[in-house]
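What follows is a single structure, written as structure tokens, with notes after it.
What follows draws every value from the coordinates through simple rules; no lab data is involved. Please read these numbers as outputs of a predicted model, since none were measured by experiment. Virtual Cβ from ideal backbone geometry, glycine too; neighbours counted across all protein chains shown.
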Amino acid sequence: MFLHTLFILSLLLGSSHALDFCVADLSLPPGPAGYPCKKSASVTVNDFVFSGLAAAGNTTNIIKAAVTPGFDAQFPGVNGLGLSMARLDMAVDGVIPLHTHPGGSEILVVTQGTICAGFISSFENTVYVKQLNKGDVMVFPQGLLHFQINSGDGVATAFVTFSSPNPGLQITTFALFKNDLPTETVNAVTFLDVAQIKKLKGVLGGTN
Ligand SMILES: *[C@@H]1O[C@H](CO)[C@@H](O)[C@H](O)[C@H]1NC(C)=O
């Protein structure tokens, strides 16, 4: 009887241990629920540690800013846990253009500089915008259009946490002008002038 109880107990402990985490097996393709789990025997502490946010991203680009993700594809330990992180670096005049994360809400903490951040509600297109200083935290509800602008005199840095291991990132301007969606279709769906559309397609590498 004692051995029997011990056996059941070990099964229970064994199965609860198996549910502790699901480190991403990056050699397999992800599904809607994330990556398949790596075999626990090959999981190490390094799966739960990510050093990719330690250094500033490269801001020598058109937006003078960089988003460095620590999503499940970069940080296997967050797979299945409902959260992830990223780092934002903005040079002087840097901007994270209007964008959405379809898969999760975002909470941002400023660690350096001054950031003008805002989002737009989907209900009445109400704008919620605020100048954030070091230590300030702002939350951006899931799926809503939002932006961050470096509004200070020096570089700005922020760390963000998402309520998803794979929140996604879609930059509105890139979605409209950095692909082969025909100019006349963009004109029809945005009411923007054809000349402006062609100009932005040219700058961003879009065609048609
Ligand atoms: C940053 O990106 C620019 C443009 O792609 C590149 O020329 C430069 O070498 C990069 N700097 C570093 C430090 O990687």
Stretched fully, the stretch from A55 through L169 gains (0.36 nm per residue minus C-alpha distance, one decimal, in nm) 39.0 nm
From fewest to most C-beta neighbours within 10 Å, the residues V95, V49 line up as V49, V95
Treating only Lys and Arg (+1) and Asp and Glu (-1) as charged, each at its beta carbon, one finds that segment 46-168 has a dipole about its Cα centre, in Debye to the nearest 20, of 100
Checking K38, K198, K130 against a Gaussian network model of the chain (alpha-carbon springs below 10 Å), the top fluctuating residue turns out to be K198
By the C-alpha gyration tensor axes a ≥ b ≥ c (rounded if a/c is under 1.5, else prolate when a/b exceeds b/c, else oblate), the shape of the chain is prolate
CD proxy, 222 nm, the chain: helix-only mean residue ellipticity via -39,500 (n - 2.57) per DSSP H run with n ≥ 4, per residue, nearest 500, stands at -6000 deg cm²/dmol
Highest GNM mean-square fluctuation among L176, L98, L144, for the chain with Cα springs under 10 Å, belongs to L176
When the chain is treated as a Gaussian network with springs between alpha carbons less than 10 Å apart, the largest mean-square fluctuation among K64, K39, K134 is found at K39
Among G205, N125, Q148, the residue whose Cα sits farthest towards the positive end of the charge dipole of the chain (+1 at Cβ of Lys and Arg, -1 at Cβ of Asp and Glu, taken about the Cα centre) is G205
Checked against a 22 Å limit on the C-alpha separation, the offending pairs among K130/K199; K130/K178; K178/K198; K134/K178; K64/K178 are K130/K199; K130/K178; K134/K178
FRET efficiency for D153 and D193 from the Cβ-Cβ distance with R0 = 30 Å, rounded to 0.05, comes out at 0.30
